Amino acid sequence: MRQDDILREKILKKRILFLILGIFIYIIGDIIFIFYSFNKNKKQIFNEINKNLINACTTIPESVIKFNNEILDNKKVVSDDEQHKNTVKLSNHCNKFKITSLSTLIKKGNIIYYTLSSSTDDEFIEGTYFKFHDTNYNDIKNLISAFTDKTIVIEVYKGKDGDYQTAYVPHVTSNGNVFIVTGSIGYKKINELIKSSNIHSMSIFIFFLIIILPLIIFKYKFLKSDLYFLKRSIYTDPLTHRANRNSLLLNIKSDNFFTLFLINVDSFKEVNDLYGFDSGDYILVEICKRLNSLLIDDDYMLFKMQSDEFAILVKRDLSDKEIEVLVHYFNESIIETPFIYKNFYIHITVTFGVAKSFIEDEKINNNNLLSNCDLALKEALKFKRNFYVYDRKINNSQLLNETIIWSKKLNNAIKNDCLVPYFQPIINNNNGVVEKYECLVRLIDDGKPVSPFYFLNIAKKTKHYYKITQIMIHKSFTVFSKLEKEFSINISVDDIIDHETNIFIMSMIKENLNIRNKLVFELVESEGIENYEVVKNFIDNVKSYGVKIAVDDFGTGYSNFSHILKLNVDYIKIDSSLVKNILNDKMSYIIVKNINNFAKELGLKTIAEFVCSKEIQDMVIDIGIDYSQGYFIGEPKEKLKI
C-alpha cells in the first residue's frame, strides 16, 4: 500500500470519526442547551412575575392607599358604595398587570383583615368578592413577617384552589401604621407561560436541526463514500478488479493455516514489447479469469499482485503431493490453451513459488508467509524450475550466513583439493549386474564427506559451481579411464551455456578418446529450458563422439514429455519422489509406469532412482524399468569395488 494512500485513508477515517464525534457533541450540546434554556426561561419568567407582582403592589391607585390610611387611622366608616368603587379600581389595576389577584390587608392586634380585594366580573355580579373584615390570615407566617419587619416577602401560597406565587408589599401611613398589598398569580398561568417559552426554544432548536442535520448526513455519506472508493482502490487491482496485494496482506494476518501460491508470468516483458501493452493487459485479465474458474471453494482466494504476478491463498495445510497436483492444475489452465489477441496466438508459461504457514511456539505464524513465498519464486526462477516450495534454508538472513560460511569452505576445498567424486552403483535389472556408476560430488570437511545438498546452490551463487563441474569431470575421467564401466556425471543447463565450461567439457572429451563410449552426461534441471538450440547443439556435438545423454529427475515437472521429444537423449532417470512412493501411492505408480512405457516407445532406457528397499526394487522390476539406483543397491562410496 502506498504511503499517500495510507495517509489519505487515515485522514478520511479521522474526518468520519470527528464528524460522528461532532454529531454526538452537537446532540449532547443541544440537550444541555434545551435544559439550560428551560431552566433559564423558568427563572426569567419567575423574575419577571415577581417584579411584576411587586410593581403591581407598589403602584396601587392613590384612592386605595387613602382608603386604607383612613381605616387604619379610624377616620373612616366603610360604606358599601365606597368599598365597591375601590374594589373596581383595584380590580382594574390587577388586570392592567395581568395578575390573578390584588388585595389590601390590615392588622389590628393579632388579627389580620381584608380591606379590599380585586374581583372578577362574576364575583361582582354575585357579590362574592372579599370585603372589609371578611377573612383573617393568622396562619400565614410570611405575611405576619411583612407586617412586623416592614419588608417585601415573596412566597408560594398554597390555596384551596391551587398554588399561587404571592408577593406581600408593606405600605406605611403617615401615622406609622402599616397595611399590606398582596399580589398573586396562579401556577396554572405560570406553567402556561413557561410552556410557551419552552416551545419557542424548542422551535429554534428544531429549526436549526432541520437545517444542519441534512448537511451533516450529506457530509457523512460523502466521507463514507469517499472512504469506500479509497478502500476499493487500495485493496482492488484496477485492471482485473480482483483483490490485490494489500488485500492479501490483510487476509494472512489471521490465525488460519495457509498455503500460498505465487504465480509469475514468464517473459511478460517480451509479450508487451512484441504485441503491445494492450495485449499484456488482455493476457493478465484472461489469466485472472482462468485461475478464478479453478477455485474450488471459499478456502481458495485469488489475488492480482504487482506487475505480472498472481497469488492464490488456500486456507489449508496442503501436503507436498497436493501442492504438486495444484501447481499442475493451475499451470495447465494457463499453458494448455494459447491466448488469442487480434488473431495472434500467444503462448504463455508461468513459474510458481509456494510457501506455507509454520508453527512457532505452538502458534501458527504467518508473519513472513508472503516474503517466504517470494523467496521460493525467486529460487524457482533462478534455477529455471516450474515451481519451488519454500523451506527455511532460503531465508535471507540465514542464507547470507550460510553463503559466507560455505563460500569459505568451498574456497578451501578447491585450494586444498577436498572436492572428490563418490560413486553410486547402478544395476541392470535384467541380470542384477552393476554396469554403471553415477559420480556424485562430496566436499571433505574435517575429514567427513558433505553432501552437495548443503553447498551446491550456494556454489551457484558464489561462482564456484563451474569450477566444481570441471573438478568432477577431471577426477571422474581419471578414475574411469582405467575401468570398463559406464559412468555418469551431472551437468546443468548453466554448464552448457557457460562458454568456459562448455569449452572445457569438449576439450576433455577430445583428449580422452578411450572413455567417450563409457561417458554419460546427466542433464539436471532440464525442466524450463528456454534456449533449446544451445542445449540441443551441445547434445548433438557430444553424441557425435559417442557420449550418451540422460535426463535426470524426470517426472518432477509436467512438460518433460514434450522436452524429451526435442532432445536426443538415451536414458530417462525417473525421479526419486515418484519411485519411493510407488508402493503406497497409486498416482505415483501410474506415473512411473507411464513414463517407462513412454520411454520404451521412444527406444530409451529407464533408470529408477531412490530404490531404498527390496519391495520397491521388486516393484521396479515388475514395471519393467531397465536399471535401478539407490541405497538398497549401494551407497555412494569413495572407492570402487570392481
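Among the residues of region 45-75, which ones are over 30 Å from Ile199 (Cβ atoms) and loosely packed, with under 15 Cβ neighbours inside 10 Å?
Correct list: Thr58, Thr59, Pro61, Glu62, Ser63, Lys66, Asp73, Asn74, Lys75.
Just for helices (runs of 4 or more DSSP H) wholly inside region 573-642: which have at least 1 residues that are out of contact with any helix residue (DSSP H, G or I) (no Cβ under 7 Å at 6 or more places or on another chain) and at pLDDT below 90?
In region 573-642, 576-579, 586-602 are the helices (runs of 4 or more DSSP H) which contain 1 or more residues that are out of contact with any helix residue (DSSP H, G or I) (no Cβ under 7 Å at 6 or more places or on another chain) and at pLDDT below 90.
Does region 94-116 contain any residue that is of a type in the set (A, V, I, L, M), at pLDDT 85 or above, in a helix (DSSP H, G or I) and under 26 Å from Thr148 (Cβ atoms)?
no
If you scan region 83-93, which residues turn out to be open to solvent by 50 Å² or more (accessible area, probe 1.4 Å) and either at pLDDT below 85 or of a type in the set (S, T, N, Q) (or both)?
Passing the criteria: His84, Asn92.
Looking at region 326-376, which of its residues are more than 26 Å from the chain's Cα centre (by Cα), open to solvent by less than 70 Å² (accessible area, probe 1.4 Å) and polar (S, T, N, Q)?
Within region 326-376, Asn331, Ser333, Thr351 qualify.
Within region 45-74, restricting attention to residues that are farther than 17 Å from Tyr168 by Cβ and in contact with a helix residue (DSSP H, G or I) (Cβ under 8 Å, 6 or more places away or on another chain), which residue is modelled with the highest pLDDT?
This residue is Pro61.
Condition first: at pLDDT 90 or above, open to solvent by less than 50 Å² (accessible area, probe 1.4 Å) and either assigned to a strand (DSSP E or B) or of a type in the set (A, V, I, L, M) (or both). Can you find one or more residues in region 288-295 that meet it?
Yes.
So which residues in region 73-93 are in contact (Cβ under 8 Å) with a residue 40 or more places away in the chain and touching a strand residue (DSSP E or B) at 6+ places or on another chain (Cβ under 6 Å)?
Within region 73-93, just Thr87 meets the criteria.
Considering Lys436, Lys485, which residue is among the charged types (D, E, K, R), open to solvent by 30 Å² or more (accessible area, probe 1.4 Å) and touching a residue at least 40 places away in the same chain (Cβ under 8 Å)?
The unique qualifying residue is Lys485.
List the pairs whose first member sits in region 575-594 and is under 14 Å from Ile623 (Cβ atoms), whose second member is of a type in the set (Asp, Glu) and buried (at least 17 other Cβ atoms within 10 Å of the Cβ), and whose Cβ atoms are under 7 Å apart, counting only residues at least 6 apart or on separate chains?
Every condition considered, the pairs that remain are Val579/Glu609.
Looking only at region 250-266, which residues are modelled with pLDDT of 80 or more and open to solvent by less than 60 Å² (accessible area, probe 1.4 Å)?
Residues satisfying the conditions are Asn251, Ile252, Phe257, Phe258, Thr259, Leu260, Phe261, Leu262, Ile263, Asn264, Val265, Asp266.
Within region 244-278, which residues are polar (S, T, N, Q) and touching a residue at least 40 places away in the same chain (Cβ under 8 Å)?
If the condition is that a residue be polar (S, T, N, Q) and touching a residue at least 40 places away in the same chain (Cβ under 8 Å), then Asn244, Asn246, Ser247, Asn251, Ser254, Asn256, Thr259, Asn264, Ser267 are the ones that fit.
Identify, please: which residue in region 450-475 is open to solvent by 40 Å² or more (accessible area, probe 1.4 Å) and not in a helix (DSSP H, G or I) and is, among those, farthest from Leu419 (Cα to Cα)?
Going through the qualifying residues, I end up with Lys463.
Taking the condition under 20 Å from Ile340 (Cα atoms), without any contact (Cβ under 8 Å) to a residue 40 or more places away in the chain and exposed (fewer than 15 other Cβ atoms within 10 Å of the Cβ), does Asp298 pass?
For Asp298, the condition - under 20 Å from Ile340 (Cα atoms), without any contact (Cβ under 8 Å) to a residue 40 or more places away in the chain and exposed (fewer than 15 other Cβ atoms within 10 Å of the Cβ) - is not met.
Quick check on this structure: which one of Ile515, Ile503, Ile496, Ile491 is within 19 Å of Arg442 (Cβ to Cβ), at pLDDT below 95 and either under 60 Å from the mean Cα position of the chain (by Cα) or hydrophobic (A, V, I, L, M, F, W, C) (or both)?
Ile491
In region 299-337, which residues are over 29 Å from Ser588 (Cα atoms) and in a loop (DSSP other than H, G, I, E, B)?
Result: Met305, Gln306, Ser307, Asp308.
Checking Ile234 against (1) over 17 Å from Ile335 (Cβ atoms); (2) open to solvent by less than 10 Å² (accessible area, probe 1.4 Å); (3) at pLDDT 85 or above, which test does it fail?
That leaves (3) as the condition not met.
For every residue, the table says whether it meets (1) buried (at least 20 other Cβ atoms within 10 Å of the Cβ); (2) hydroxyl-bearing (Ser, Thr, Tyr); (3) at pLDDT below 85.
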| position | (1), (2), (3) |
| --- | --- |
| Thr135 | no, yes, yes |
| Ala146 | yes, no, no |
| Ile154 | no, no, no |
| Lys158 | no, no, yes |
| Asp161 | no, no, yes |
| Tyr168 | yes, yes, no |
| Val178 | no, no, no |
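Among what's in region 410-429 and is open to solvent by less than 50 Å² (accessible area, probe 1.4 Å) and assigned to a loop (DSSP other than H, G, I, E, B), pick the residue that is farthest from Pro636 (Cα to Cα).
Here the residue is Asn429.
So is Lys51 in a helix (DSSP H, G or I) and in contact (Cβ under 8 Å) with a residue 12 or more places away in the chain or not?
No: the conditions fail for Lys51.
In region 25-44, is there at least one residue being β-branched (Val, Ile, Thr), at pLDDT below 85 and crowded, with 17+ Cβ neighbours inside 10 Å?
No, because not a single residue in region 25-44 is β-branched (Val, Ile, Thr), at pLDDT below 85 and crowded, with 17+ Cβ neighbours inside 10 Å.
The values are calculated or read from the model by the stated rules, or taken from the named source; none is laboratory data. What you see is a predicted model; the values in this text were computed from it and never measured. Positions of Cβ are generated from backbone atoms using ideal geometry, with glycine treated the same way; all protein chains shown enter the neighbour counts. With ligands, DNA and RNA removed, areas are computed over all heavy atoms of the protein, side chains included. Shrake-Rupley method; radii C 1.70, N 1.55, O 1.52, S 1.80 Å.
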